[in-house]
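A.B. asks: Dumping the structure here so I can ask a few things about it.
The values are calculated or read from the model by the stated rules, or taken from the named source; none is laboratory data. What you are looking at is a predicted structure, and each value in this text was computed from that prediction instead of being measured. Here the Cβ positions follow ideal geometry from the backbone for every residue, glycine too, while neighbour counts run over all protein chains shown. Areas reflect the complete protein model, heavy atoms only, side chains present, ligands, DNA and RNA absent. Shrake-Rupley method; radii C 1.70, N 1.55, O 1.52, S 1.80 Å.
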Amino acid sequence: MGDLAINLLASVIAGTAVWLAGFLLRRRKLSRERAFFGLTEGASCLLVVSRHASSPREFSVHRRDVAALVELATIARECGAHADRVGENQPTGEIGRLTEFCVGGPGGASPRSATHVRTILRGVTYAIFDDEKPRLSFTVGGTEYVLTPETSYVLLARCWGPAGGHPVFFIGGLSAGSNLAGARYLAANHPELARRYGADRPFALVLRIVEPAAYGTDFTELAADVTDVAFQPVPQPAE
C-alpha cells in the first residue's frame, strides 16, 4: 500500500511538472508574440485596407484582401487583442497610437498605405504603367519586382513613426492574392522574424509568390531582405 501511494504521488508530481513546464512555455511564446506585434491583453489594433478597385461600393473589399484581414485578425486574437477594420476614407489617427496592419499594393492602395510608402519606406517606389496593359511593379534598391502571370511579389515591412509607440505592419502586394500571401507568411513565420529582428527593429522583406494561378499562396518564398535600402533618411534641404 505504501509503494502504491508513493507511485501515485510520484505520478502526480511528474504530471504537475510537465503541465507547469508546458504552461510556462506557452506563456513565454505568447509574451514574445505580443512583444513582436506590439499587442497586449485587451488592446485594440487597426486593420487598414483599400476598397475593391473595380467596385463602386465604398466599403467593398476584394475577397482575398478579406482573407488577409482574417489572418491578421487571428494574430490579434491569439495575442488577446481585438482588431478594428478601417476603410480607406475613414480616419485612422496618428501613427504609433495603436498597432496597425496596413494592407494594399499599387493597384488599389489606400491613402494610408501610400502615405507610409512616401514618408517611411522612402526607398520603395510603386509604379503602374498604363500602356496597352497595366504593368504593376515596385522597385527597392535598384531592383524592380514585376507582376507576371508566373510570379507575383509583396513587400512585408514592420516600421515605426518618428515618435515610436506601436508598430505598423505594411503588406503591399502587386495583387490582392499577394497581399494574402504576405499576411499568411507573417502569421506562419513571425516566431522566426521575432528571433531575427526582436521586438524593436524595423524590417522590410520582398516575398515571391511562385505560380499563383496554380499554387495560390502555397509557394511563397523570401526573395530579398531589403531592410538596409527600404528605409531612407529624410532628404535634407539644399544649402
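A.B. asks: Among the residues of the stretch 214-233, which ones are of a type in the set (D, E, K, R) and closer than 24 Å to Gly141 by Cα?
C.D. replies: Narrowing the stretch 214-233 to residues of a type in the set (D, E, K, R): 218, 221, 225, 228.
Result: Glu221, Asp225, Asp228.
A.B. asks: Now a separate question. Quick one: Leu174 ticks every box in (1) modelled with pLDDT of 95 or more; (2) open to solvent by less than 10 Å² (accessible area, probe 1.4 Å) bar one, so which box is it?
C.D. replies: Against the list (1) modelled with pLDDT of 95 or more; (2) open to solvent by less than 10 Å² (accessible area, probe 1.4 Å), Leu174 comes up short only on (1).
A.B. asks: Looking only at the stretch 111-120, which residues are touching a strand residue (DSSP E or B) at 6+ places or on another chain (Cβ under 6 Å) and closer than 13 Å to Gly172 by Cα?
C.D. replies: Applying the first criterion (touching a strand residue (DSSP E or B) at 6+ places or on another chain (Cβ under 6 Å)) to the stretch 111-120 yields 112-113, 116-117, 120.
Answer for the stretch 111-120, where residues must be touching a strand residue (DSSP E or B) at 6+ places or on another chain (Cβ under 6 Å) and closer than 13 Å to Gly172 by Cα: Arg112, Ser113, His116, Val117.
A.B. asks: Next question. Where in the stretch 152-235 are the strands (runs of 3 or more DSSP E), entirely inside, with at least 3 residues that are under 23 Å from Val61 (Cα atoms) and touching a residue at least 60 places away in the same chain (Cβ under 8 Å)? Write out each step before concluding.
C.D. replies: On the way: elements: 164-173, 203-210, 220-225.
Where strands (runs of 3 or more DSSP E) fall fully within the stretch 152-235 and carry at least 3 residues being under 23 Å from Val61 (Cα atoms) and touching a residue at least 60 places away in the same chain (Cβ under 8 Å), they are 164-173.
A.B. asks: Got a sec? Which of Gly22, Gly93, Gly108 is under 18 Å from Leu155 (Cα atoms) and modelled with pLDDT under 90? Give the steps one after another, and end with the answer.
C.D. replies: On the way: Gly22 fails: under 18 Å from Leu155 (Cα atoms); Gly93 fails: under 18 Å from Leu155 (Cα atoms).
Just a single option satisfies the conditions, and that option is Gly108.
A.B. asks: Go through the stretch 36-46 and report how many residues are open to solvent by less than 10 Å² (accessible area, probe 1.4 Å) and either basic (Lys, Arg) or in a strand (DSSP E or B) (or both).
C.D. replies: Of the stretch 36-46, the ones open to solvent by less than 10 Å² (accessible area, probe 1.4 Å) are 36-37, 39, 45.
Filter once more, so that each one left must be either basic (Lys, Arg) or in a strand (DSSP E or B) (or both): 45.
Total satisfying the criteria: 1.
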